Amino acid sequence: MLTTVPTLQTARLTLRPPATKDWPAFRDFMQSDRAAHFHQQGNLGAIWRGFAAELGHWEIFGYGMWTVTRNGDDTALGLIGPWTPPDWPETEIGWMIFDAATEGTGIASEAARASLTHAFDVLGWATAVSYIAPDNARSIALAERLGAVRDPDALRPANSPDSAVWRHRSPASTGDAS
């Protein structure tokens, strides 16, 4: 069981562990066309298990994807952060932004940069990737903004063999630590 749960702060954002109160926002996102790349639309049971996995990842590993909120407003905007299920071939920084109105505001890149810094500096990761559906242009653009490069030789998760792998460099090596 977790005793200390880290919360990250950036200039505009609070990244906190997901909570049960985030279920409606997660559920609504996963049922929307915006979540088509997750292949769970219309399957409420799979969506519920996916959310339970977000909560359980923290409990099992002591870290996970944070719920992203604006400072001073606890409304869940998305989930971003470390994700390492046992069947993943590498350590991943994953992301999902719930509301289209949040896109283009820099929130995803600000939260992802904080997550990458935490993964490398606090968790001690030597590498991180993001597994992205090849036709998910917004996610690919975010990976590129973060300085990630496509790694065609990297292993992919068994449940996502068509995903593209984008490899992140340590924020310290890019001079981008924040």
(message) Please determine whether any residue of segment 105-117 is part of a loop (DSSP other than H, G, I, E, B), surrounded by 15 or more Cβ atoms within 10 Å (Cβ to Cβ) and at pLDDT below 95.
(response) no
(request) Could you please find all residues in segment 19-73 being assigned to a helix (DSSP H, G or I), farther than 13 Å from Met96 by Cβ and of a type in the set (Phe, Trp, Tyr)? (result) Trp23, Trp48, Trp58, Phe61
(request) Among what's in segment 120-155 and is in contact (Cβ under 8 Å) with a residue 40 or more places away in the chain and in a helix (DSSP H, G or I), pick the residue that is nearest to Trp83 (Cα to Cα). (result) Phe120
(message) Kindly evaluate Ala76 against the criterion of being assigned to a helix (DSSP H, G or I) and either aromatic (Phe, Trp, Tyr) or at negative phi (or both).
(response) no
(request) Only residues that are under 15 Å from the mean Cα position of the chain (by Cα), surrounded by fewer than 22 Cβ atoms within 10 Å (Cβ to Cβ) and more than 24 Å from Asp121 (Cβ to Cβ): list them for segment 77-101, please. (result) Asp99
(request) Taking Ala158 as the residue in question, decide whether it is out of contact with any strand residue (DSSP E or B) (no Cβ under 8 Å at 6 or more places or on another chain), more than 17 Å from Val68 (Cβ to Cβ) and not in a loop (DSSP other than H, G, I, E, B). (result) no
(request) Identify, from the list Trp23, Trp66, Trp48, the residue that is at pLDDT 95 or above and farther than 23 Å from Ala128 by Cβ. (result) Trp23
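The values are calculated or read from the model by the stated rules, or taken from the named source; none is laboratory data. Just so it is clear, the structure is predicted and the values come from calculations on it, not from any experiment. Neighbour counts are summed over all protein chains in view; Cβ atoms, including those assigned to glycine, are modelled from backbone coordinates with ideal geometry.
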